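> Before we start, here is the structure in question, set down as structure tokens.
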Amino acid sequence: MRFLFKTSYAQDIALAKHGGHRFWYALLGLALLAAPWALDEYWLAQLNFVLIYSVVGLGLMLLAGFTGQFSIGHAAFLGTGAYTQGVLVNLGVPFPLAMVAAALLSAAVGVVVAMPALRVKGIYLGIATLAFGFIVEEVFARWESVTGGNAGLHVKSPRLAGIDFGGGEAFYFVCLVTTILCTLGVLNLLRAPTGRAFVAIRDSEVSAQSMGIHLARYKTLSFAVSAALAGLGGALYAHKISFLSPDQFSILQSIDLLLMVVIGGLGSVHGVFLGAIFLISMPQLIAMSKDWLPEAIGQAPGLQGLVYGVVLIAFVLFEPMGLYGRWLKIRTWLQLFPFYRRGMFKRQKSFTKSDRLK
């Protein structure tokens, strides 16, 4: 009896629930380890961006997808981490310590933003974070003695013990290890009582408070952890770009980040990576498709924004669970084939926050 209890408990807390999960995750791990030697420099750089945006997306997903606190100014945390990393590395601080400092400073900024944001929710919270994003962008532009202002800031290559980690393969593994550690940390946080409190707040603040969950404390913690992950992604972003300017962290960047988690699938860690792949690959696909489109359309300004808007509307109307939700339906269809019922997926409804107790 004790053996069965231990086995059941081990299966409940395991990240990989069965052998199929372990096989596919191991195969994915091998593919990622072999990527530097299988891909050329351009595609390896794109994979680096996918990993960097995945780290930032994990933070935004934790805040928006699991706590229900939408942020339209998340690029401010990304920029805070990037500038902190750039300034410290240029001063000679080892890049791992600079990354820790970037995460901590971004978390502190997240706490500052969370305090006034505790009094508002919904669209008003989005407006508050949007205003914060504008303020931080202006600080980056005006604080010329630290950030370089509109002239920009050059970031030195990451070095540790005389070893340059700015090269293609070395920096890729820095991004890969950071992404894996952040993913494991978020997964374990969501399985802990703290993560369950986040989800309870997302579903119904009234019910969460009635169960003894301190709303202000957990909302502030969610903002802090989300900002720390965004700052950590910003530190990697600074080394990848090697040049920082305030316009890189504008409202458009914040919208791209929010678009990433919505299209990937709100409330899903897997959706973060699918959304990051979409965010990085979509501009490439649009650029390649311009040659096949009429010149009046292919060369029209704002084509990328138009495509993004159409895709977002399509997902909101027809697939609110995002790319990961679509994959779950395909997987269920394959499992039930040929015994599925026609239209069974069309009737599925999805929401991440209850409207009953507003």
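> Sort out for me the helices (runs of 4 or more DSSP H) sitting completely within the stretch 150-245 that have 2 or more residues that are open to solvent by 60 Å² or more (accessible area, probe 1.4 Å) and free of Cβ contacts under 8 Å to residues at least 24 places away in the same chain.
Numbers: elements: 168-191, 193-203, 205-210, 215-241.
Here the list reads 168-191, 193-203, 205-210.
> Which of the residues that make up the stretch 310-327 are surrounded by 11 or more Cβ atoms within 10 Å (Cβ to Cβ) and either assigned to a helix (DSSP H, G or I) or of a type in the set (Ser, Thr, Tyr) (or both)? Give the steps one after another, and end with the answer.
Here is the first cut: in the stretch 310-327, the residues surrounded by 11 or more Cβ atoms within 10 Å (Cβ to Cβ) are 311-312, 314-316, 319-327.
Once the filter is applied, which keeps residues that are surrounded by 11 or more Cβ atoms within 10 Å (Cβ to Cβ) and either assigned to a helix (DSSP H, G or I) or of a type in the set (Ser, Thr, Tyr) (or both), the stretch 310-327 yields Val311, Leu312, Ala314, Phe315, Val316, Gly322, Leu323, Tyr324, Gly325, Arg326, Trp327.
> Separate question: Among the candidates Ala76, Ala14, Ala98, Ala26, single out the residue that is closer than 30 Å to Phe198 by Cβ, modelled with pLDDT under 85 and open to solvent by less than 40 Å² (accessible area, probe 1.4 Å). Full working, then the answer.
Numbers: Ala76 fails: modelled with pLDDT under 85; Ala98 fails: modelled with pLDDT under 85; Ala26 fails: open to solvent by less than 40 Å² (accessible area, probe 1.4 Å).
When all the criteria are applied, what remains is Ala14.
> In addition: Given the conditions (1) touching a Gly at 6+ places or on another chain (Cβ under 6 Å); (2) open to solvent by 30 Å² or more (accessible area, probe 1.4 Å), report the number of the one that Phe249 does not fulfil.
Condition not satisfied by Phe249: (2).
Residue-by-condition table, conditions (1) among the basic types (Lys, Arg); (2) assigned to a helix (DSSP H, G or I):
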{"position": "Asp256", "(1), (2)": "no, yes"}
{"position": "Leu259", "(1), (2)": "no, yes"}
{"position": "Leu266", "(1), (2)": "no, no"}
{"position": "Leu274", "(1), (2)": "no, yes"}
{"position": "Ile280", "(1), (2)": "no, yes"}
{"position": "Lys290", "(1), (2)": "yes, yes"}
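> Go through the stretch 132-149 and count every residue that is closer than 28 Å to Ser222 by Cβ, surrounded by 14 or more Cβ atoms within 10 Å (Cβ to Cβ) and either over 25 Å from the mean Cα position of the chain (by Cα) or free of Cβ contacts under 8 Å to residues at least 60 places away in the same chain (or both).
Of the residues in that region, 2 qualify.
> Now a separate question. Got a number for residues in the stretch 87-107 being out of contact with any Phe, Trp or Tyr (no Cβ under 9 Å at 6 or more places or on another chain) and touching a residue at least 60 places away in the same chain (Cβ under 8 Å)? Talk me through it step by step, then tell me what you get.
From the stretch 87-107, those out of contact with any Phe, Trp or Tyr (no Cβ under 9 Å at 6 or more places or on another chain) are 87, 90-94, 96-101, 103-105; that's our starting set.
Still in the list and also touching a residue at least 60 places away in the same chain (Cβ under 8 Å): 87, 90, 94, 96, 98-99, 103-105.
Residues flagged as out of contact with any Phe, Trp or Tyr (no Cβ under 9 Å at 6 or more places or on another chain) and touching a residue at least 60 places away in the same chain (Cβ under 8 Å) within the stretch 87-107 amount to 9.
The values are calculated or read from the model by the stated rules, or taken from the named source; none is laboratory data. Predicted model, so just to flag it, every value in this text is computed and none were measured. All Cβ positions, glycine included, derive from the backbone under ideal geometry; neighbour counts span all protein chains shown. Heads up: the accessible areas ignore ligands, DNA and RNA and are worked out on the full protein's heavy atoms, side chains in. Shrake-Rupley method; radii C 1.70, N 1.55, O 1.52, S 1.80 Å.
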